[in-house]
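Colleague: Take this structure, written in structure tokens, and hold onto it; I'll ask about it next.
Bear in mind that the values in this text are calculations on the coordinates, not laboratory data. Nothing here was measured: the structure is a model prediction, and the numbers come from that model. So basically every Cβ, Gly included, is an ideal-geometry build from the backbone, and we count neighbours across all protein chains shown.
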């Protein structure tokens with residue numbers, strides 16, 4: 001069952017910022033990567049604006065080329081079985097629209113609990129080493145989408 005994550009929304013909740021930067025995105029991806037190790041779930045993170053697409057194991061990143069909300073809705077609609085997709089967001093309007101298309105929705109706190117605890121400091125925050133791993137990985141041109 002794939003999970004579609006509203007990346008900027010999750011960062012906004014976790015880091016309390018409306019305008020996440022590259023460091024915020026790297027920290028979110030690092031935390032997700034650590035939590036997904038040894039897990040069979042597939043997670044796709046959507047970010048607003050342009051960005052490079054990339055895949056690392058069962059975690060993939062999509063630059064929406066505009067609104068992440070619209071990209072999520074478009075991909076839910078394109079899914080062979082939208083009922084198998086779970087969209088993780090705190091955006092009530094996005095969640096409503098995804099449910100109308102047949103997808104399930106999940107609050108970020110429930111997602112974090114399902115994948116190793118909450119993101120509010122209950123577990124260790126991603127360390128600098130994890131961010132460095134991601135930077136090294138994406139520095140190699142063959143790993144870019």
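Colleague: With a 10 Å Cβ neighbour count serving as the proxy for reagent exposure, in which order, fewest first, do 56, 5 appear? Provide the component values of the computation, followed by the final result.
Modeller: On the way: 56 16, 5 26.
Ascending Cβ contact count within 10 Å gives the list 56, 5.
Colleague: While we're on this one: At 7 Å along the Cα-to-beta-carbon direction for both residue 107 and residue 42, put a label point, then send me their distance in nm to one decimal.
Modeller: It is 2.8 nm.
Colleague: With a point put 7 Å past each Cα toward its Cβ, work out how far residue 53 is from residue 80 in nm, to one decimal.
Modeller: So the label points at residue 53 and residue 80 sit 1.8 nm apart.
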